[in-house]
Amino acid sequence: MNAQRLQLIVNGLVLTPGAPAAAALDILVQDGRIRELLPRGTPAPADAELIDAHDRLIVPGLVNAHTHAHGGLGKGAVGDRLPLEVFLTGSAALNGSRTRDDKYLSAQLSAVEMVRKGCTAAYDLFVEFPLPSVEGMNAVASAYQDVGMRAVIAPMIADRTLYQAYPGLIESLPKDLGDSARRAATAPYAETLRACREIFDDWSFDRDQIRPALGPTIPMHCSDEFLGGCRELADEFGLGIQTHLAESATQAVMAKQRYGKSLTAHLADLGLLNARFSGAHAIWIDGDDMRRLADAGASVAHNPLSNLRLGSGVAAVREMLDCGLAVGIGTDAANTSDTQNMFEASRLAAYLSRIRGPQYQDWVSAEESFTLATAGSARVLGFADQLGAIVPGAFADLVLLDLAHINYVPLRDALLQLVNGENGSAIDAVMVGGRFILRGGKLLTIDEEKLRRDAESARDRLDGANAEARRIAHSLEHWVGEFCVAHGCRHQGPHRHLRTERDLSSQKSSQ
Ligand SMILES: [Zn+2]
């Protein structure tokens, strides 16, 4: 039998969600989990390894409630000023032609960026064409494992293309483009579900570190039969389901047209909402939808970076919290938010709430934002009370920030300075399960120079291989954009864009 491994992290300043302020505490870690918080200077158990955290602020590793491993290799490939649906027209151009090694590499790029920016666990919806595969999912899981992060990884799946999802879209395109959009197809859903089952049957990773889930990508892109199949599979294997829920106004409008009710109501009627369900973005939902989600014990991943980048709108986080809905914070992929920086996402979650109105008591506070990005996201990942807090029983997933860094000079209020000022540049060390994966600013688990060389060469090869798909995507952009603006503007109900007088008058003239 193995002897217990004890570590005592001494002399640090500990900040955990829910605590009134940072406190001078020592952290006793046993076999990768926090056993006890002790007053600073408590004598160490004789066999404990001592870790000196003098001049360090210790916070729980941030938890990313929504990202995509395939985005790592897509950095810089997404044009400026693209709304969601226009971005989606480029999906094949962005993610096509990838080998097993490319999938591993993309996930590793994403994971390294997260660790370097203070994140230790992520919910990852990963896409493969034409079908999810054991090989591809294992590549992504291995990438996270090799970097040393925790992850929940869901094959991102659909049985309708964008053109099949939105009635009238194909007809709105010029004939040649409409014909090519008509030819695009997804795999039949039974085949996709069979591939997912194979992945779950084969799962060999430690589920405390890396566990699978299911990611029906966007409800409109999935038939009811397919969503029902996802629900059954998730129930059978006890897995989470995450989907992009009402991310754009167009989705909300098209859903009403197709189902005669909101997307959330549609998912509720299909029996998908439960404590293992999370909706990413959830911008275009109303109070009834929020209550449906809250009553089912479901959760939401709020992605302020991506929501701003794609102009999707401002999610009503205060209303969600008021009705008891669990909320976490995510970055979304590196190709839709251009960074995997959870510090920036947390800051934006707080600041973005402040352009919704002058009622400052309704703004998301720094303390709330810190809680959402740690314990809140842990709940979305299905790791409630295990991650995102420095408390007995939780995993010792910790970030040590250098208090001599200019961000904290002078140090007055660690929480405010962390949420409002930190961007990851003060990170000195990152620990996952009691093991340092980054220390003294150096990543200890993988060779970052090799990572760069591999990424540069993959970029050249993939950009060449996907040139034709990119050309087609560009030719569709204008038409898809026009269709979605016209439909999105018809949204009835609570609005999530700040609309100018010009927007309102052009909407009136188009009606
Ligand atoms: Zn996403």
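Rule-based calculations on the coordinates, nothing more; no lab input. Being a predicted model, the structure only gives us computed values, none of them experimental. Here Cβ is always computed from backbone atoms with ideal geometry, including for glycine, and neighbour counts include all displayed protein chains.
A few notes on this one:
- Set LYS75/LYS175; LYS75/LYS261; LYS103/LYS261; LYS117/LYS450 screened for pairs whose C-alpha atoms are more than 27 Å apart: LYS75/LYS175; LYS75/LYS261; LYS103/LYS261
- All alpha carbon pair distances within the chain were sorted into 10 Å bins beginning at 0; the resulting P(r) in whole percents reads 4, 20, 30, 26, 14, 5, 1, 0.
- Taking the fewest neighbouring Cβ atoms within 10 Å as the starting point, the ordered list for ASP289, ASP447 is ASP447, ASP289.
- A cut-off of 5 Å between modelled amide H atoms, ignoring neighbours fewer than 5 places along the same chain, links LEU438 with VAL430, LEU444.
- Sequence of SER506, SER299 once ranked by neighbouring C-beta atoms within 10 Å, starting from the fewest: SER506, SER299
- When peptides 126-134, 449-457, 210-218 are sorted by average Cβ neighbour count within 10 Å, with the highest value leading, the order is 210-218, 126-134, 449-457.
- Counted over the chain, the DSSP beta bridges are approximately 45% antiparallel.
- Sites listed here are trypsin sites (Lys or Arg not before Pro) in the stretch 250-304 whose DSSP assignment is loop and whose Cβ has at most 16 other Cβ atoms within 10 Å: LYS261.
- Percent breakdown of C-alpha pair distances by 10 Å bin, ordered from the shortest bin, for the stretch 146-228: 16, 36, 26, 15, 7, 0
- Bridgeable lysines around LYS256 (alpha carbons under 24 Å apart, same-chain partners fewer than 8 residues away excluded): LYS508.
- Cβ-Cβ distance of TYR259 and ALA24, R₀ of 41 Å, FRET efficiency by 1/(1 + (r/R0)^6): the value works out to about 0.15.
- Cβ-Cβ distance of ASP463 and ASP179, R₀ of 22 Å, FRET efficiency by 1/(1 + (r/R0)^6): the value works out to about 0.25.
- Gained length - LEU308 relative to GLU449, 0.36 nm times residue gap less alpha-carbon distance: 47.6 nm
- Each peptide in 191-203, 55-67, 337-349 receives the mean, over its residues, of other Cβ atoms within 10 Å, and ordering these scores from highest gives 55-67, 337-349, 191-203.
- Within the straight-line cut-off of under 16 Å between alpha carbons, the aspartates and glutamates reachable from LYS442 are GLU113, ASP146, ASP402, ASP428, sequence neighbours fewer than 8 places apart in one chain being disregarded.
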